[in-house]
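Report on the following structure.
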Amino acid sequence: MGELRDSGAVRVRVPATSANIGPGFDSFGLALARHDVVEVAVGESDVPLTIEVEGEGAADVPRDATHLVARAFARGVETWADGPPGSVRLRCRNALPHSRGLGSSAAAIVAGLVAARALLVEPEHVADAELLDLGSRLEGHPDNVAACLSGGFAVSWMDQGQAHSVRLGPDPRVRPVVCVPTWPMSTEQARGLLPERVPHADAVFTAGRAALLVAAISQRPDLLLAATEDRLHQPYRASAMRPTADLVATLRHVDIPAVVSGAGPTVLALVADDAAPTERVRELAGPGWMVETLAVDERGAVVEYLDDDTRSAL
């Protein structure tokens, strides 16, 4: 167990993530350059926990210890420190839409854990592997957490209950385009549609496409259309989010590699060598979708220590 600072503040920036990416169910994650920013300060106060939120979800998220960043921070402190802080102040600026398949829960968990580690007297004693494993247990699977933590394209897996990941750099020609609808989708609801068993032929097909996707996204973007084919999870979820399934089919029909982002309902298109990917996808998507090209986030979670002069309300 380590020692928590008596006082101090950090600012953590965490990226959006798109997980699964077709055949890579619960294994692949891509970090995208849209960010939540969280400021965490510890010290002594009569109020043990204060939370301020602006941006996405500000009207809906709790302002108590059940807030996901607060929960993750508390779990990190409980795991790595020898005692709780006197008080905690959270300030959150959210840019990631909630329940849309862009990793908002993983971002909150990573932000809380990274802040907890950073506020230890000796943060270097907590390795990234420990943070990934704890974050994956809180999230339930490692794909979004791994990409959020490391940036780039992350391949993750579980081994005897322990989360692991490797980071790959996507080919610079790959340009992610997200199509975000106004309506949400519960991850639990989406998972509830998956069968306990799938045909052997579909498992073999998807395994081959997952292997191909690693090559395609890192060095052969011309193969992305074939590499993003999936028979493991997307077909079973289509009935619950028909507009998403229809948009994926529309884009793929004109040879744009498109998949459901995470559990949906956002659609991710991976466009290569197109001068105007946003306009092309927006035209095909039609009304009802917010379409935006996002760079790949190469840095992952970034932490900054704050002093009294730089501490702010974001």
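Annotations
- Along the chain, counting only GluC sites (Glu not before Pro) with a DSSP assignment other than H, G, I, E or B and at most 13 other Cβ atoms inside a 10 Å radius, the longest segment between sites is 45-195.
- Largest GNM mean-square fluctuation among H67, H98, H233, using the chain with Cα springs under 10 Å: H67.
- Anisotropy class assigned to the stretch 174-293 is oblate, per the alpha carbon gyration tensor with a/c at or over the 1.5 cut-off and a/b no larger than b/c.
- Taking the C-alpha atoms only, the angle from helix 200-218 to the longest principal axis of the chain is near 70 degrees.
- Relative contact order %, the stretch 47-148, counting alpha carbon pairs below 8 Å whose residues are six or more apart: 31
- A Cβ-based charge dipole, computed about the Cα centre of the chain with Lys and Arg at +1 and Asp and Glu at -1, lands at about 920 debye.
- Here r is the Cβ-Cβ distance between L193 and A127 and R0 is 30 Å; the resulting FRET efficiency, rounded to 0.05, is 0.25.
- Charge context of A249, other residues only, Cβ under 13 angstrom, K/R +1, D/E -1: -2
- Relative to one another, the C-alpha centroids of the stretch 92-107 and the stretch 18-64 are positioned 6 Å apart.
- Once the Cα atoms are used to define both axes, helix 104-118 deviates from the longest principal axis of the chain by about 40 degrees.
- Distant-in-sequence amide contacts of H233, defined by a placed amide H-H separation under 5 Å and a gap of 5 or more residues or a different chain, comprise nothing.
- Length-normalised contact order for the chain - Cα pairs under 8 Å, 6+ apart - percent: 26
- Anisotropy class of the stretch 79-156 from Cα gyration tensor, a/c 1.5 cut: oblate
- Global form of the stretch 1-41, assessed from the alpha-carbon gyration tensor, a/c cut-off 1.5: oblate
- Each residue of the stretch 243-250 is assigned a 3J(HN,Hα), and the resulting list reads x, 5, 4, 5, 5, 4, 5, 4 Hz, derived from the Karplus form 6.51 cos²θ - 1.76 cosθ + 1.60 (θ = phi - 60°), x at Gly and Pro.
- Relative contact order (%) - the stretch 174-293, alpha-carbon pairs under 8 angstrom, separation at least six: 42
All of the numbers you see were taken from the coordinates with simple rules; none came from a lab. The model shown is predicted, which means the values in this text are computed figures rather than measured ones. All Cβ positions, even for glycine, are placed from backbone atoms using ideal geometry, and neighbour counts span all protein chains on display.
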